[in-house]
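Below is one structure, written out as structure tokens, with a few remarks after it.
The values are calculated or read from the model by the stated rules, or taken from the named source; none is laboratory data. Note that the coordinates shown come from a computational prediction; the quantities given were computed from them, not determined experimentally. Cβ placement follows ideal geometry from the backbone for every residue including glycine, while neighbour counts extend to all protein chains displayed.
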Amino acid sequence: MLRKLHSISGLMATLLVVMLGITGATLAVKPILERAQSVVVGTSAMSVAELAGNISARYPGVEQIQRKPSGNIIVYYSFSKNEGEAGGQIIDTGAVLVNPISGETLGDYSTSPFMGWVKNLHRSYLLGTPGRLAAGFGAFLMLLLTVSGCLMLVKRLGGWGHLLRPIQGSFKTELKTELKTELNQRLHSELGRIAILAMILSASTGFYMSAITFELLPEAATNEPAFPDQVAGGKPMSVNQLKALENIPVAELRELVYPYPGDINDVYSIKTNQGSGFIDQVSGELLNYQAYSFQQNFNELMYTLHTGEGLWWLALLLGLAALTVPFMAVTGVFIWWRRTRSAITLANNAKPQLAEAIILVGSESNSTWGFAKALHDALFTKGILVHTAPMSRFKNIFSDNKNCRNTTQMFILTATYGDGAAPASADQFLAQLENLATVPNIPVAVLGFGDRQFPQFCHFAKQVETLLIAKSWPQLLPLDTINRQSAQEFHRWGEAVSGALDKDLALSYLPELHGAGLNRLKTVSLELINRDNYGEAVQAPTAILRFNAKNKSLPKFEAGDLVGILPPGDSVPRFYSLASSSADGALEICVRQQPNGLCSNYLHALAIGGTIDAFIQPNPTFRPLLGNSPIILVAAGTGIAPLVGFIRHNIKHRPMYLYWGGRNPHSDFLYEPELNQYLSDERLTELNTIFSRTDKHQSDHGYVQDKLMADSDKIRHLISAGAQVLVCGGRSMSKSVAEELDNIIAPLELDVAKLKAQGLYREDVY
């Protein structure tokens, strides 16, 4: 609901609020400039009488003294000037900015035609009354956008207490990659978080003033004082001798209007911050003074808070916030367009009464729906009637006894939003499930989507699984997870589903290809130029393969990025971590041959000079952080490849400690010569290896997590010094490493989840 409200109001308001933002930022410059040129030092003890005396001495024809909220003193006066040959005179007027202490002229004063035009554009879009109505509506939409955006951001970050904490991910790395969706989402969130308070203030005060203008709210009573019926009469006193003016400090003055010259029945008119009245020019007494009403004061406060007049620092904040509006609009429209473009249309969606399979989808930005559609279509091709719906429809589906009579399996595919929250299409699912009275006998499989770099990886999916088990719901498969929308991991899960249903589903979905073609991925033809073979003796053939671009230059990539390879006869790309960057002049991967691995067998059979088609998928979250803090590199098997790339480019000799587990040091010690060279030239600080196929009594026997435990004191010391941990390898290895590291750093009152939240623990898991 919040997302729809935010999106609809945003699309409606784009042009209106962009114009309000640009003009508002322009107008905010005025209070800042006025404050910069004002003279306020030394005026605190000065009375209006003294000020008026100083000015009258220099400007005999003074008609009005005005004090701006900035502290600027403006004097309006008349003067005579000669005209014609006969020496006749006419009266002319002028306005100057003066020093309140001395009364000397600081310069001529005039209003800026440009600023007047901008103010009109801001208030009415230059369209008069209809434009003022549109501006008021724009302010309302901006307020709606800001509040709904704030609530969405709070939900994403995991509560109000987390509103100021850093957002996961690196803006710098996103900026350098082609992850345009992530970058725009990041910009939108960061700008919104910076400007949120100022935007709420600006939008709410603007809408309030529009509501007053169009009488949606009652207008304040003016409380204007009545002109005096009687004055003292006689010889006027000098303005600096008027008792009433002696009691008013300059800081309280708004306006002093002089009586008409020679008219003894006229009076001074004065307006202060507290009220207005008249002053007898003969007696100096204050006449018919009227204090401002509460509503008048409140309306003036709203105006001040909206414009920043008299509060230059507020004007600066409002102006900077207003500058974010165009960027927020552009990024917001882009996010909406990408989300709309990624929307999935389901064909052959059976009614719940007929469905043999139910698929429930939890998604924040439509990305999970693509995977759900792939499952939906695969089941349908096997003759299974499928009903696919958002998780929010759970209650509707299972509350009707006529539904799900024929259903024999259910699948729940859900992402996790922000810091462990439910996505938009599953907001009420847990409550609906909790309140379900009778659990149907329909086996269920839960598949979670997320990013392992977040501490709460697939947290919502885990909550769903936990509650299903607590409700004694039968399981088709245990919970499984997909990292960063991996097509490979989804294909592997499909194999598990195929086994559970005894049907070959062959699940295939690649988000990058949705709505486009393979050409969008910028495939390049790569030629194999070199290979190093390992592992034959331990029945684990592994090859380090190096490619060059055929007939063109290599695309841009960094060590730790992924290369996608489509094996012949298959539509599912296989991804391999890159051990090199494009600056190395070759694309390098490390591939272990799997017994039934279509792509690994294809690559191992590739001869020198053979070619493949591939594309680069950036992986910016798996990088060493900038700086000089130590790096702990942990891997097993072919997971060493990107870590070698990090070491290879460590030309500044940053402390790097490598922990790696293999099978046998004589057969599959991957990169052994190169790693020894890096030890010699100090790109690698320390190499720690361990092997699972050596004699149990040897010191180097075991797994990589055992090596970490043996060095627990050193690991603790490094992490306490701010070390970053980078882990690459299989799921089981990654899980074991995380568990062991939790034990190691427990005395530091730390765990892996906290390190992830700080960006100090990153995984590349396959």
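Tabulated values for the structure
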quantity: Test: residue in region 742-751 that is modelled with pLDDT of 90 or more, closer than 24 Å to ARG492 by Cβ and surrounded by 14 or more Cβ atoms within 10 Å (Cβ to Cβ); calculated: no
quantity: Unique residue being closer than 19 Å to ARG492 by Cα and among the basic types (Lys, Arg) when the list is LYS735, LYS754; calculated: LYS735
quantity: Output for region 258-282, where each listed residue is surrounded by 17 or more Cβ atoms within 10 Å (Cβ to Cβ) and among the polar types (S, T, N, Q); calculated: SER269, THR272, SER276, GLN281
quantity: Matching residues in region 501-526 - criterion: being modelled with pLDDT of 90 or more and surrounded by fewer than 15 Cβ atoms within 10 Å (Cβ to Cβ); calculated: ASP502, SER525
quantity: Selection within region 683-701 - modelled with pLDDT under 95 and either part of a loop (DSSP other than H, G, I, E, B) or loosely packed, with under 15 Cβ neighbours inside 10 Å (or both); calculated: SER692, ARG693, THR694, ASP695, LYS696, HIS697, GLN698, SER699, ASP700, HIS701
quantity: Hits in region 582-607 (condition: hydroxyl-bearing (Ser, Thr, Tyr) and out of contact with any Leu (no Cβ under 9 Å at 6 or more places or on another chain)); calculated: SER600, TYR602
quantity: Failed criterion for GLN485 (all others in (1) assigned to a loop (DSSP other than H, G, I, E, B); (2) of a type outside the set (Lys, Arg); (3) crowded, with 17+ Cβ neighbours inside 10 Å; (4) out of contact with any helix residue (DSSP H, G or I) (no Cβ under 6 Å at 6 or more places or on another chain) hold); calculated: (4)
quantity: Boolean, GLU246 is charged (D, E, K, R), within 19 Å of LEU51 (Cα to Cα) and touching a residue at least 60 places away in the same chain (Cβ under 8 Å); calculated: yes
quantity: TYR659 at negative phi, touching a helix residue (DSSP H, G or I) at 6+ places or on another chain (Cβ under 7 Å), assigned by TED's automatic domain parsing to the domain that holds VAL737 and aromatic (Phe, Trp, Tyr); calculated: yes
quantity: Those helices (runs of 4 or more DSSP H) lying entirely in region 89-184 with at least 1 residues at pLDDT below 70, outside the structural domain of ALA757 (by TED's automatic domain parsing) and crowded, with 19+ Cβ neighbours inside 10 Å; calculated: 128-157, 171-176
quantity: Boolean, THR381 is free of Cβ contacts under 8 Å to residues at least 24 places away in the same chain, closer than 22 Å to LEU507 by Cα and over 25 Å from the mean Cα position of the chain (by Cα); calculated: yes
quantity: Residues satisfying the stated conditions in region 389-403, i.e. touching a residue at least 24 places away in the same chain (Cβ under 8 Å) and either assigned to a helix (DSSP H, G or I) or crowded, with 24+ Cβ neighbours inside 10 Å (or both); calculated: MET391, SER392, ARG393, PHE394, LYS395, ILE397, PHE398
